[in-house]
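Taken together, the values in this text are just the output of simple stated rules run on the coordinates, not laboratory data. On a predicted model such as this, the values are computed, not experimentally measured, just so you know. Note that we place each Cβ from the backbone using ideal geometry, even for glycine, and neighbour counts take in every protein chain shown.
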Amino acid sequence: MTTTLLAVGTKKGLWLATSTDRLTWTLSEPQFLMQEVASVGIDTREGRTRIMAGVLSYHWGPTVVCSDDLGVTWSEPEHGAIKFGADDDAAVERIWQLHPDSADRPGVVWAGCEPISVWKSTDYGEHFELNRGLWDHPHRSEWGAGFGGAAAHSVLPSPVSDAVHVAMSTGGVYRSDDGGASWAPRNKGISAYFMPDPNPEFGQCVHKIARDAVEPNRLYAQNHHGVYRSDDSGETWESIADGLPADFGFVMLTHPRRSGTAWVIPLKADGERIPPDAKLAVHRTDDAGSSWRRLDQGLPDHEYNAVLRDAAGVDTLEPVGVYFGTRGGTVYASADDGASFTEVVSHLPDVLCVRASAVVGT
């Protein structure tokens, strides 16, 4: 019997839910109540399940906590997991992303933070080291802050090479070909209509990127207006927004095994940030963005809350489960590639992060 673990990080705590059929769920009591949980990583490598959470206490600040017993107990390094050095003249404000690397790199976990910075752990998320190549990049002084802050929100290590992609708001997409030692912008074709030069080398407000599971050089991006695909590891991008009701949004998900399948959740123009016509729907492509299918079975007729960039995720089961939560505190789950959804829980605080995984062990 397979058990699915669903982690929901919110503005006021973390909730964990489990299910054996992905239709009915058992929900935990809140953990880290009244603390913001903007990032969660579930690491199932090496035959175990480790939950990592980026927790922000408005009194003590941000840190990474880990649990190896499905949230029964949590550990935290005595002096914090992520912190700048005394000479960096900076302090971590928020942990936006926790991303376990591939099975070929056991122990490696990447983190994206605010201010814009990337960090790497080699001990399963216990301690992180600042990536100096990005922090010392000559462009850094020109990167700005998106509406939610200056965020390195997507960190994608390649499973087949030393390439790593990072996306940030605002700054755009950067790629390293040497495991993070050096970085260069990779934004050709992504619009920055709000800037004097709408096609700059960097400065785009990319909201989220995701990698194709079969074609590692294929990437997808949800931009601040614009949905794009790159087939050459980010060297060039082309629009795949045709067929969507809006090209604004935050979510970008890809299938864990099948090439060409991705999901987005469109929102109306950035001035309103609600689902088009106030009708919530997920859109899926199975042909790398050539066409899109609207999926709304089981979703409410009216919804005025947005879905944030990390408030959505997929599992690795068959069919794939698709999950997301709204700023109104409702979480939805699909056990059939997004064809239909059921409500997991409602009336939570703003949902910031959703992650799901088949549980390893007991």
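So here's what we get for this one:
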quantity: Placed amide H near G338: partners under 5 Å, 5+ positions off or other chain; calculated: V322
quantity: Amide H contacts of L5 (H built 1.01 Å from N, under 5 Å, at least 5 apart or other chain); calculated: S357, A358, V359
quantity: Taking N as its residue count, the alpha carbon Rg of segment 244-362 over 2.2 N^0.38 Å; calculated: 1.00
quantity: Reference-scaled alpha-carbon Rg (2.2 N^0.38 Å with N residues) for the chain; calculated: 0.91
quantity: Interchain or long-range residues, amide H under 5 Å from A311's placed H; calculated: V354
quantity: Relative contact order of the chain, defined on C-alpha pairs under 8 angstrom at six or more residues apart (%); calculated: 13 percent
quantity: Cα-derived Rg to Rh of segment 18-129, Kirkwood definition; calculated: 0.99
quantity: Extension gain (nm, one decimal) between D178 and S290, 0.36 nm per residue minus Cα-Cα; calculated: 37.1 nm
quantity: Choice from M52, M34, M195 with maximal GNM fluctuation in the chain (Cα, 10 Å cutoff); calculated: M195
quantity: Gain in span if fully extended, E126 to V72, counting 0.36 nm per residue against the direct Cα distance; calculated: 17.7 nm
quantity: Debye log10 I(q)/I(0) at q = 0.16 Å⁻¹ for segment 113-233, Cα point scatterers; calculated: -0.73
quantity: Gain on full stretching of the segment that runs from H79 to E343 - 0.36 nm per residue minus C-alpha separation; calculated: 91.1 nm
quantity: Packing-based exposure ordering (other Cβ within 10 Å, fewest first) of I82, I95; calculated: I82, I95
quantity: Derived scalar couplings ³J(HN,Hα) [segment 183-199; Karplus, 6.51 cos²θ - 1.76 cosθ + 1.60; whole Hz; x for Gly, Pro]; calculated: 9, 9, x, 9, 10, 4, x, 8, 7, 10, 4, 7, 9, x, 9, x, 10
quantity: Inter-label distance, nm, simple model (7 Å from Cα along the C-beta direction), E201/H302; calculated: 5.0 nm
quantity: Spin-label pair A86/L33, simplified geometry with 7 Å Cα→Cβ offset, distance in nm; calculated: 4.0 nm
quantity: Förster radius 25 Å - calculated FRET efficiency between S102 and D232, Cβ distance, rounded to 0.05; calculated: 0.75
